[in-house]
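The values are calculated or read from the model by the stated rules, or taken from the named source; none is laboratory data. Here the structure is a predicted model, which is why all the values come from computation and not from measurement. FYI the Cβ positions are ideal-geometry reconstructions off the backbone, even for glycines, and counts take in every protein chain you see. The protein model used for the area step is the full one, side chains on, heavy atoms only, and it has no ligands, DNA or RNA in it. Shrake-Rupley method; radii C 1.70, N 1.55, O 1.52, S 1.80 Å.
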Amino acid sequence: MSITIESNDDVSIVISEDVIIGIANSAMHDIKGIASIANRVSTTDFRDIFAKKPFSKGILVEMVDDSVELTISLNLNAGVKIPEVAEQVQSAVKTAVESMTSLTVSKINVSVLGIVVKKETAAK
């Protein structure tokens, strides 16, 4: 899927969904508490896989009216405050996508699908 942000007789600017996903990934890179982006598999995802559409892992981008909505599925590290990490993700992703694309981000849903517990390693 691609999103057209400006179109007239002379110029048409189209941004790929993969670009928005990349911006979101980059914006979340330095947020403490994120273990990974979760693979979210649903019946829709299976249909997309068999239709040979690109699989975007745990970030879904949708164009609604004139704005973008994102759904981000994450695995977080054990011990973090989930609401605080989710708010940081929403803020960072919204700022990054809006500043880099001039698109309006109307909603960012953050789904926590798992908690990752780090194994303690033995001393020595």
What residue, among those in region 105-124 that are touching a residue at least 24 places away in the same chain (Cβ under 8 Å) and part of a loop (DSSP other than H, G, I, E, B), is least open to solvent (accessible area, probe 1.4 Å)? Val117
Tell me yes or no: at least one residue of region 94-104 is in contact with a Gly (Cβ under 6 Å, 6 or more places away or on another chain), within 13 Å of Ala24 (Cβ to Cβ) and surrounded by 12 or more Cβ atoms within 10 Å (Cβ to Cβ). no
Among Ala51, Ala38, Ala78, which is the only one that is at pLDDT below 95 and more than 16 Å from the chain's Cα centre (by Cα)? Ala51
Among the numbered conditions (1) over 15 Å from Ala92 (Cα atoms); (2) within 16 Å of the chain's Cα centre (by Cα); (3) modelled with pLDDT of 95 or more, tell me where Met63 comes up short. (3)
